[in-house]
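Chemist: A single structure is presented below for examination.
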Amino acid sequence: MKIHSSTQQDLNLYINSKQNAEKPSLVTDMMPIIPHNTDSVEISPAARQLAASDIVNHSAVYFGTTQINDSLNRLLTDQPPEVKEAVYGIIQSNFITDVTGETERAALLELGLTQAQYMADNYMEDDEAAEFMNTIRQIGAISQTRTVDPKTNEVHYETPPQRPVGAPDDYIDLTYMMKKFEPSTLDKLQEAIVNGKDWNSILLNFAKNVSTRKDWVEEYREEAARQFGDIAGENRFEHASTASLPEFVQDINNIIAQTGFENSKYLIDNMEAFKRTLGIISP
């Protein structure tokens, strides 16, 4: 199964009259093939018996949008590696996941939001905690836009308009607008980039067109201003105590047992992974 985000390569590039006149080109290099003899590795019996819980699979770093990426980078910069791993583990295992069942996805989302609240309460100051939870809710909201192409089984997630860090307040995400209002132009633009053709003129012509379409700009502003991080609905885990990791895990497990999930193993396994990641840290 392939997973795609609607986040496109940033093609806006702060267009101005001082841009280099040279057209960009794509250059690909082939790594030289180095002949070598076949090597062999012997694995000891002890290593073969390594417990599954001792095997570490690192979570992928989630980008999402420029703002989300910047927020997570800043908030996690001074945190221990285990905290970073736990945060990206929540995103990968509870939000942007390959789980297909709607019931399971909803329960994992609720659990992930609660796990994130534990992280905020125990490892961040007040302002940082508030920003962290706002960012996490944005990712959770993005996860709810999941669609699957019936022909290719590719998974897509919608992302809100993006404003690069340091960009002016009136910045417009041309890629977002092109996808929304002229998707055929976006296809031509991406094709030109891939084939090393003149993509700059396509982008500039679209930017000029946007400047004449006040209705497009108004609709874009409304969407950009809309609070994307709101997640409606009750969270069955939200009252779990975050006072300590053992207490948190116990409360979550009790809620799982009392709620009567038809299949609770995936939730229990999810909590076990969360506990293993943070278990060696004393907040």
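The values are calculated or read from the model by the stated rules, or taken from the named source; none is laboratory data. Computed from a predicted structure; not experimentally measured. Note that we place each Cβ from the backbone using ideal geometry, even for glycine, and neighbour counts take in every protein chain shown. In case anyone asks, the SASA skips ligands and DNA or RNA and just uses the protein heavy atoms, side chains included. Shrake-Rupley method; radii C 1.70, N 1.55, O 1.52, S 1.80 Å.
Chemist: Can you tell me which residue within segment 86-125, out of those that are open to solvent by 20 Å² or more (accessible area, probe 1.4 Å) and in contact with a Lys or Arg (Cβ under 9 Å, 6 or more places away or on another chain), is nearest to Glu158 (Cα to Cα)?
Modeler: Checked segment 86-125; the qualifying residue nearest to Glu158 (Cα to Cα) is Ile96.
The rows are residues; the columns are (1) part of a helix (DSSP H, G or I); (2) open to solvent by less than 80 Å² (accessible area, probe 1.4 Å).
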{"site": "Asp127", "(1), (2)": "yes, no"}
{"site": "Phe132", "(1), (2)": "yes, yes"}
{"site": "Ile142", "(1), (2)": "yes, yes"}
{"site": "Lys151", "(1), (2)": "no, no"}
{"site": "His156", "(1), (2)": "no, yes"}
{"site": "Pro168", "(1), (2)": "no, yes"}
{"site": "Lys180", "(1), (2)": "yes, no"}
{"site": "Leu204", "(1), (2)": "yes, yes"}
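Chemist: Ok, one more. So in segment 68-115, with the set limited to residues that are polar (S, T, N, Q) and more than 15 Å from the chain's Cα centre (by Cα), which one is modelled with the lowest pLDDT?
Modeler: Among residues in segment 68-115 that are polar (S, T, N, Q) and more than 15 Å from the chain's Cα centre (by Cα), the one modelled with the lowest pLDDT is Thr100.
Chemist: When residues of segment 233-255 are filtered for being touching a residue at least 60 places away in the same chain (Cβ under 8 Å) and β-branched (Val, Ile, Thr), how many remain?
Modeler: 2
Chemist: Residue pairs, Cβ under 6 Å, 6 or more apart or interchain, first in segment 179-201 and on the phi > 0 side of the Ramachandran plot, second open to solvent by 40 Å² or more (accessible area, probe 1.4 Å). List them.
Modeler: Short answer, once both residue conditions are applied: Gly196/Ser25; Gly196/Leu26.
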